[in-house]
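Here is the structure we will look at, set down as structure tokens.
The values are calculated or read from the model by the stated rules, or taken from the named source; none is laboratory data. Since the structure is predicted, the reported quantities are computational estimates derived from the model, not experimental observations. Here the Cβ positions follow ideal geometry from the backbone for every residue, glycine too, while neighbour counts run over all protein chains shown.
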Amino acid sequence: MASGFLSIPKIPELRKRILFTLGFLAVYRLGVFVPVPGTNRTALKEYFEFQGQNSLFGVYDMFSGGALEQFSVFTLGIMPYVSASIILQLLAVVVPTLDRLQKEGETGRRKINQYTRYGTILIAVVQGLAAARFLESLKSPTGGLEVVPDGGWGFRLLAVTTLAAGTAFIMWMGEQISERGIGNGISLIIFAGIIARFPAAVAGTLGDVREGNKDLIFVLLFTIFMLGVIAFIIFCERGQRRIPVQYAKRVVGRRVYGGQNTHLPLKINSSGVIPPIFSSSIMAFPATIASFWSVAWLQDMQGLLDPGGYLYNTAFAFLTVFFCYFYTAVTFNPVDVAENLKKHGGYIPGIRPGKSTAEYIDHVLNRLTLGGAVYVTAVCILPNILIAEYNVNFYFGGTSLLIVVGVALDTVAQIESHLLTRHYDGLMGAGGSRIRGRASRRTL
């Protein structure tokens, strides 16, 4: 692997792409520390320290890379773009116009991207206004300092404009990284925001060991357990169920076409990290409403749905399983796959083409989705259990770890493909297996 990394500087195009990506990620991290005018950063920091990480705001602050704690121009991050993309994908199922655009190739894709940008700005404006109004009601727990000393519509309009512009700039950077850099730009920005919080979490854990608040043996066992979970995530994300497909021979003139054997790969986790993101949004809705209105029953509901509680974990698990099936059904249509196989002369051995093939693929996909849903749910609930039972002071596992591992696999796979294209041995060397990210040779 060391020789593979040493080969990277020898390829000018790959070197430029990696430097371009790192430069834009550095710009993103610098922007996290540029605050929105009109806020008291000291009071806001005290409020977040009082809330702790086991709260809605602590979780969101981790995903934004600390931007919410600073209330920076990048506070909203890339999440409005992700939300707009998800909404457009779901609307394409029920709106015939969007469905036709998806099938029009490059022209339709550009049109949908344009709609996604408009939706991103709209969502950023709404979320920016909500964030500004919420900050106006906050005070530091110790000194009673107001987070926004001079509130009102002047501050709200300034905050909304700044936050929407910051989101638009991040969206542009993500598109530039995807086009001129290495990896998926949007995913890498989310990856950078999550990874930026890990060093502080590790430093905090080591500080607790030095002060005697945590036992060294416990930290070592926890580290081994964490590495084991990461290995389990990699195994599941690269896992496939391969359905054998055979193509009939066709004679055209004096040539014979077809006749080869291939396979139809079905991932164990076809929905990715979309289900836990949807579930987190729904579970955060009562807490968000309760933060605006001091109604007794809303406050009681917020208390029952605090992260780490049994009711929260149970509801989150059911929602995650539901969205795993829902999103898989939206993005993968067995009927279309069966029709495409039949059109090109392909068939599954022992299964009749057409309806029988669609039913067989749907049966296999449902069984795989059940395993994937259980796996995603277990990994996402793990941090809540660790915090509640073992008082771990940073979030381990969950959606953040799924994103980190998935993005790392995809980015390394792209670097690997560049090396192989230039006749290098790749990151794993001549005798090692090729890194293929989420499309591995492993069969479950």
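Summary table below
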quantity	calculated
Residue count for segment 99-141, restricted to those that are in a helix (DSSP H, G or I), over 22 Å from the mean Cα position of the chain (by Cα) and among the polar types (S, T, N, Q)	2
Breaking point among (1) at pLDDT below 85; (2) crowded, with 20+ Cβ neighbours inside 10 Å; (3) not acidic (Asp, Glu), for LEU365	(1)
Condition broken by VAL330, with the remaining ones in (1) within 27 Å of PHE235 (Cβ to Cβ); (2) at pLDDT below 90; (3) buried (at least 20 other Cβ atoms within 10 Å of the Cβ) satisfied	(3)
Which listed residue, of TYR60, TYR47, is among the hydroxyl-bearing types (Ser, Thr, Tyr), modelled with pLDDT under 85, surrounded by fewer than 21 Cβ atoms within 10 Å (Cβ to Cβ) and within 21 Å of the chain's Cα centre (by Cα)	TYR60
Residues of segment 189-223 that turn out to be closer than 30 Å to ILE170 by Cβ and in contact with a Ser or Thr (Cβ under 7 Å, 6 or more places away or on another chain), as a count	2
Failed item, numbered, when GLU179 is tested on (1) closer than 19 Å to VAL412 by Cα; (2) assigned to a helix (DSSP H, G or I); (3) in contact (Cβ under 8 Å) with a residue 12 or more places away in the chain	(3)
Selected residue (only one of GLY166, GLY154 is farther than 30 Å from GLU13 by Cα, assigned to a helix (DSSP H, G or I) and either over 22 Å from the mean Cα position of the chain (by Cα) or not acidic (Asp, Glu) (or both))	GLY154
Which listed residue is surrounded by 15 or more Cβ atoms within 10 Å (Cβ to Cβ), under 30 Å from ASP410 (Cβ atoms), modelled with pLDDT under 85 and among the aromatic types (Phe, Trp, Tyr), from PHE169, PHE134, PHE198	PHE198
Out of TYR347, TYR312, sole residue that is of a type in the set (Ser, Thr, Tyr), under 20 Å from GLN260 (Cα atoms) and touching a residue at least 24 places away in the same chain (Cβ under 8 Å)	TYR347
Among the candidates GLY372, GLY406, GLY397, GLY354, residue that is small (Gly, Ala, Ser), modelled with pLDDT under 75 and in contact with a helix residue (DSSP H, G or I) (Cβ under 7 Å, 6 or more places away or on another chain)	GLY397
So ALA203, is it over 14 Å from the mean Cα position of the chain (by Cα), aliphatic (A, V, I, L, M) and under 28 Å from PHE24 (Cα atoms)	yes
Options GLY52, GLY77, GLY108, GLY66: the member that is at pLDDT 80 or above and on the phi > 0 side of the Ramachandran plot	GLY77
